[in-house]
Amino acid sequence: MIIDFSITNFRSFQGEQLFSMNAEAGLKRLSGNFSEIEDGKLSILRSAAIFGPNASGKSNVLKAISALKWLVSSSRLAEENEKIPAYEPFKLSPQNNGKPTEFEIEFVVPSGIRYQYSVTYTEKRVITESLYSFQTQKRSEVFTRREGDTWKTIKFGGSYKGGSRRFPYFPNSTYLSRAGNDASAPESIRKVVQYFRDIIVLNAGANIFSHGSYGTDDNLKLISDLIQLADTGVENITAEESSPEDFDFPKNMPDRIRELIIEQNSVLYKFWHQGQNGQLIKFDEEEMSDGTVKLFQILPLLIRALTTGIPIFVDELDGHLHTNIVSLIFELFNDPLANVADAQLIVTMHDTNLMDPAKLRRDQLWLVQKENGASTLTSLDAYDKGSVRPTSPFEDFYKDGRFGALPALSYVKFRDSLNRMHSQQGRVKG
């Protein structure tokens with residue numbers, strides 16, 4: 001489970017911004033929405049929703065997680081002197097030119113051990129890096145990479161136990177990525193890297209379809225049943241083998257793209273609806289609504305998260321999905337009987353119906369807004385408790401502009417701009 005995640009100098013985030021899943025107060029309210037760990041010392045939220053205008057920076061929270069995931073799990077694959085693709089600093093201030101990006105995250109791996117990891121890096125170099133564990137009440141050092149350290153001088157603490165320690169790495173790679181992908185490293189290090197590798201991040205508009213996601217016939221049956229329960233009109237979903245090898249591919253098509261097309265078309269899914277005469281009628285995926293297709297694509301990943309206890313981040317969860325289905329998904333993650341593995345759901349969205357004090361706590365609702373081009377992250381829990389109570393009508397307050405994070409729209413300016421265009425084209429009515 002993710003406890004805290006801080007972002008500095010990344011995309012639209014200029015100064016340090018903290019995103020926290022730590023429930024610190026009001027623990028008698030919606031107690032199913034958080035999980036208690038370490039014998040009740042910490043209460044960690046199971047879900048959170050991030051709101052804000054278009055281009056406010058909501059998606060950059062997910063992009064930051066993706067960047068951190070790449071640094072931890074895959075940066076070892078970078079060639080010497082290659083640029084770090086995850087380096088995307090804030091561009092609107094000259095003060096940030098060339099300055100490092102910094103991430104710090106506190107999290108709990110499935111074995112129950114809590115860690116704190118931080119990394120700072122520039123375009124071609126990881127500057128600092130550290131990992132601490134909390135196997136006791138005190139924070140204990142696992143390793144620390146100081147500025148100027150090489151793989152030969154990195155420092156190890158008492159929590160680094162067993163296995164090899166020193167692994168050669170290039171300056172543009174994290175030590176954690178190099179060590180966590182080596183069989184001779186301690187199992188604890190490999191489990192930390194595996195945790196980041198397992199995190200699911202779904203960006204808006206990304207192609208998330210993979211027929212391998214549906215696994216066995218039993219899994220497909222479960223997904224079919226769930227889609228039927230969502231009142232989509234679908235009675236059943238079946239899989240049919242296809243032969244895309246027979247496709248007429250262009251001769252100059254790269255092999256990887258050819259393989260991807262073959263993989264994605266080797267199985268075709270059919271959606272069955274009940275006809276007026278009672279018989280089931282088969283429909284292709286292209287004939288289904290965008291909402292049904294999105295639900296079909298995202299359900300395997302939601303089930304995987306709920307089964308394994310990994311975090312899942314979804315950009316614009318409400319895109320093509322009815323508000324009741326979005327609420328249902330949150331209910332599943334906030335219900336300890338459904339979310340037995342303590343998975344976390346963190347999404348960006350515009351559907352304010354979820355801003356309901358009967359569904360989510362203040363600390364589960366986050367707002368992003370921009371000032372001078374820089375994004376700020378604020379939880380409703382940060383607002384004055386006297387004016388924003390746990391039972392306040394969050395949605396009404398938000399729409400009234402009490403929290404900010406609303407698009408600054410002017411109908412008159414929109415209309416006048418159109419009129420100027422019409423005038424230039426000679427279309428203004430006399």
Regarding the range 167-179, can at least one residue be identified that is within 29 Å of the chain's Cα centre (by Cα) and without any contact (Cβ under 8 Å) to a residue 40 or more places away in the chain? yes
Is it fair to say Ser31 is of a type in the set (Ser, Thr, Tyr), over 19 Å from the mean Cα position of the chain (by Cα) and farther than 18 Å from Asp198 by Cα? yes
Of the residues in the range 354-391, those that are part of a loop (DSSP other than H, G, I, E, B) and touching a strand residue (DSSP E or B) at 6+ places or on another chain (Cβ under 8 Å) come to Met355, Leu360, Arg361
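Name the single residue, out of those in the range 261-314 being of a type in the set (Lys, Arg) and under 20 Å from the mean Cα position of the chain (by Cα), that is least open to solvent (accessible area, probe 1.4 Å).
Result: Lys294.
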Quickly run through the range 395-430 and pick out the residues that are modelled with pLDDT of 80 or more and among the hydrophobic types (A, V, I, L, M, F, W, C). Phe397
Checking Leu354 against (1) over 21 Å from Phe107 (Cα atoms); (2) free of Cβ contacts under 8 Å to residues at least 40 places away in the same chain, only one condition comes out false. Which one? (2)
Only one of Phe143, Phe90 that is within 30 Å of Glu36 (Cα to Cα), touching a residue at least 24 places away in the same chain (Cβ under 8 Å) and touching a helix residue (DSSP H, G or I) at 6+ places or on another chain (Cβ under 7 Å): Phe143
List every residue pair whose Cβ atoms lie under 6 Å apart, where the two residues are 6 or more positions apart in sequence or sit on different chains, the first residue falls within the range 369-398 and is in contact (Cβ under 8 Å) with a residue 24 or more places away in the chain, and the second residue, located anywhere, is of a type in the set (Lys, Arg) and open to solvent by 50 Å² or more (accessible area, probe 1.4 Å). Pro390/Arg29
Matching strands (runs of 3 or more DSSP E) fully within the range 264-320 where at least 1 residues are β-branched (Val, Ile, Thr) and at pLDDT 90 or above: 280-284, 311-314
Based on this model, can you work out whether Ile329 counts as farther than 30 Å from Lys191 by Cα, open to solvent by less than 80 Å² (accessible area, probe 1.4 Å) and either at pLDDT 90 or above or among the hydrophobic types (A, V, I, L, M, F, W, C) (or both)? no
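The values are calculated or read from the model by the stated rules, or taken from the named source; none is laboratory data. Since the structure is predicted, the reported quantities are computational estimates derived from the model, not experimental observations. We place every Cβ from the backbone using ideal geometry, glycine too, and count neighbours over all the protein chains shown. For the accessible areas, the whole protein counts, side chains as well, though only heavy atoms, and no ligand, DNA or RNA atoms are used. Shrake-Rupley method; radii C 1.70, N 1.55, O 1.52, S 1.80 Å.
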